[in-house]
Amino acid sequence: MQHLWSNSAATAGHDPCGILSTYFNTAPVLGTLNTGRVLTPGLQIAVGSQQTIELDLFSDGPTQQWSVRALDFAGLTGGQESLAFSFDKTKGKNGDKLQLTVSVTGMGQLFGQQGLAAFILFSTIGKTYTAWPVLVLTM
């Protein structure tokens, strides 16, 4: 069975693929990032610096608590990691707010572009997870 993406479901805070009975995820509160090619939500952090952002946990129905973790995209694809993460807490439920500190440990390189990194927020209940990608301009 082929899954379809629904922009209207995603905009309404529901599962954009329509496979989860109760959709849950963790949304970062981001500013606008100018990559030189596009304007997109993201972070701009100097190498050796850090920034703390708010993470908003949401679901479209009742769920148990879920865990949240962040992984450097470069590490997931065999590249050199340039981001480190620290949470004030790693579990929550619908309506909770977490704090994530993102530290830039080196100049990122993403898709061949120097100074660009990314991480993925994973929200997990049991064996079910959702993901939210975040772009970081490293300077």
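The values are calculated or read from the model by the stated rules, or taken from the named source; none is laboratory data. Please read these numbers as outputs of a predicted model, since none were measured by experiment. Virtual Cβ from ideal backbone geometry, glycine too; neighbours counted across all protein chains shown.
Below is a table of values for the structure above.
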read-out	value
Scan of segment 89-112 for residues that are free of Cβ contacts under 8 Å to residues at least 24 places away in the same chain and under 23 Å from THR138 (Cα atoms), ordered by number	PHE111, GLY112
Within segment 51-70, considering residues that are surrounded by 15 or more Cβ atoms within 10 Å (Cβ to Cβ) and more than 18 Å from GLY126 (Cα to Cα), the one nearest to the chain's Cα centre (by Cα)	LEU55
Hits in segment 124-139 (condition: at pLDDT 95 or above and loosely packed, with under 15 Cβ neighbours inside 10 Å)	ALA131, PRO133
Subset of segment 54-70 [part of a strand (DSSP E or B) and hydroxyl-bearing (Ser, Thr, Tyr)]	SER59, SER67
Complete set of residues in segment 95-123 that are under 15 Å from LEU57 (Cβ atoms), over 11 Å from the mean Cα position of the chain (by Cα) and surrounded by 17 or more Cβ atoms within 10 Å (Cβ to Cβ)	LEU98
